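Written below as structure tokens is the structure these notes are about.
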Amino acid sequence: MRLQNQLEALLEEAHIKLSSLVSDLLGASGRRMLKALAEGETDPLALPPPWAISACALCRPSCGTHWAPAPSSIRVYRRLVRMALEELHLIEQQIGQLDQEIASLLRQHQDAVERLAEVPGLGVDSAQQIIAEVGATAATFPAAKNLVSWVGACPGEEESAGVNYSKRSPKGNRQMRRILNQAANAAVKRKGSIFEILYRRLVPRLGHNKTIGAIAHRLCQLIWILLHKGVRYEERGPAVCEKSKRVRTLRMIRTLRNLGYRVEPLQNPA
């Protein structure tokens, strides 16, 4: 993220708004365009596909961008872009080496990694990080609530007359909270998953941030179950969706009958 922000600032100094053409500046298409710029390409039509046609937008005078032959100062920007790409390549190589080392250390816990990676929102990298934090069986935590409390994925304790007025979670483990929040944001985008259904149910009442916190809480409990009990994840989203429809239908029929309407279902929703 730091390197991406530096690249965007560098391009804007050179009057090139590349981020308006690509959704990810460091993606495959963005990198091809950056490489072409660093090598001295000045013709937008000569950019690598599929952005060769769209790159003509860079020649519009309204955006203050000019790809004409550059003065000597532009060569400095090209050199800086080239150095940034080389730094990015070096960082990715180091990350790849670290991933290989982590995988070799966790090879004996491969089954636990696979079980966690099956959860929507999680992947192999997240599973490895979670196991590195809590262990392959989460044996330190006798119950799911203990893990949730240690992570800090639960409300604080400010009770008065049996009512908890706290809206902030405890600090907990920052690494685990970051993983859970990222996983929750990814899980709600999985079509047909239980987390998508839960998100749609809670977000009108709680809002996005609190709903993500609630889903992260559920994910933390699920992680403890998968690790501590050694079971595999089973997706029940579509089944839960059909069940919720039947429950809602029965509730609506009961409400209508209480209001004096005569309602006879076409078929038995139960």
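The values are calculated or read from the model by the stated rules, or taken from the named source; none is laboratory data. Computed from a predicted model, the values in this text were never measured in an experiment. Because the Cβ atoms are built from the backbone with ideal geometry, glycine has one as well, and the counts that use them run over all protein chains shown.
Consider region 112-122. How many of its residues are surrounded by fewer than 17 Cβ atoms within 10 Å (Cβ to Cβ) and free of Cβ contacts under 8 Å to residues at least 60 places away in the same chain? Quick ask: steps written out before the conclusion?
Quick first cut of region 112-122, residues surrounded by fewer than 17 Cβ atoms within 10 Å (Cβ to Cβ) only: 114, 117-118.
Filter again for free of Cβ contacts under 8 Å to residues at least 60 places away in the same chain, leaving 114, 117.
Of the residues in region 112-122, 2 are surrounded by fewer than 17 Cβ atoms within 10 Å (Cβ to Cβ) and free of Cβ contacts under 8 Å to residues at least 60 places away in the same chain.
Residues that are closer than 17 Å to Gly213 by Cβ, assigned to a helix (DSSP H, G or I), at pLDDT 85 or above and β-branched (Val, Ile, Thr) occur in region 164-184; there is at least one.
Of the residues that sit in region 1-23 and are not aliphatic (A, V, I, L, M) and not in a helix (DSSP H, G or I), which one is surrounded by the fewest Cβ atoms within 10 Å (Cβ to Cβ)?
The initial filter retains those residues of region 1-23 that are not aliphatic (A, V, I, L, M), namely 2, 4-6, 8, 12-13, 15, 17, 19-20, 23.
Filter once more, keeping what is not in a helix (DSSP H, G or I): 15, 17, 23.
Numbers: His15: 14, Lys17: 15, Ser23: 8.
Among residues in region 1-23 that are not aliphatic (A, V, I, L, M) and not in a helix (DSSP H, G or I), the one surrounded by the fewest Cβ atoms within 10 Å (Cβ to Cβ) is Ser23.
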